[in-house]
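Read the structure below first, then the notes.
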Amino acid sequence: MGSLLYGNPGIVITFDDRALMHLQIVISTKLRRRESFVFTWTDSVGEGSGRSAIWLDPTSTLYFRYFGSRMPSINREWIEALMLSANSAGGLVFIVEPEPTALTPAKTRR
């Protein structure tokens, strides 16, 4: 389980390493463009199964901490879905990884 630490002192938000890597790509892209947005996710059962949200802007203090040392493979469809959400009026809403489609390059046959 990786962690996203937000603010100072940090709020700790846990995601598995694979999800955190995809979130890091989307969040970093938005902030590099100097775009502010809301990030929303569903809390774990241990946190009460509610929803949480934070406001992210280029001055936000973020720290991405990964449990494992290996870089996970990147699912471009997941990045695109998260980025589409981040660019909407509702902001970035965390979604689970979508199943690969038949059109994914790894699935096409030559």
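Brief remarks on what is shown
- For the pair Ile74 and Asp43, label points projected 7 Å from Cα toward Cβ lie 3.3 nm apart.
- Cα long-axis angle, helix 17-32 against the chain (0 to 90 degrees, to the nearest 10): 70 degrees
- About its Cα centre, the dipole of the chain is roughly 500 debye, where the only charges are +1 on Lys and Arg Cβ and -1 on Asp and Glu Cβ.
- Listed residue (Ile13, Val26, Thr42) projecting farthest to the positive dipole end of the chain, Cβ model: Val26
- Here the gap between Glu35 and Leu5, fully extended at 0.36 nm per residue and compared with their Cα-Cα distance, gives a gain of 8.9 nm.
- Test item: Cα-centred dipole of the range 18-81, Lys/Arg +1 and Asp/Glu -1 on Cβ, debye: 280 debye
- Relative contact order of the chain, taken over Cα pairs closer than 8 Å and 6 or more residues apart, is 30 percent.
- Two-site label geometry, Trp55 and Ile95: point separation in nm, points 7 Å out along Cα→Cβ: 2.6 nm
- With both labels modelled 7 Å from their Cα along Cα-to-Cβ, the Met83 to Phe64 distance reads 1.4 nm.
- With Cα atoms, 0 to 90° folded angle of helix 76-86 axis to the chain main axis: 40 degrees
Laboratory data are not the source of any read-out in this text; all were calculated from the coordinates shown. Only a predicted model underlies this, so the values are computations on that prediction, with no experimental measurement involved. So basically every Cβ, Gly included, is an ideal-geometry build from the backbone, and we count neighbours across all protein chains shown.
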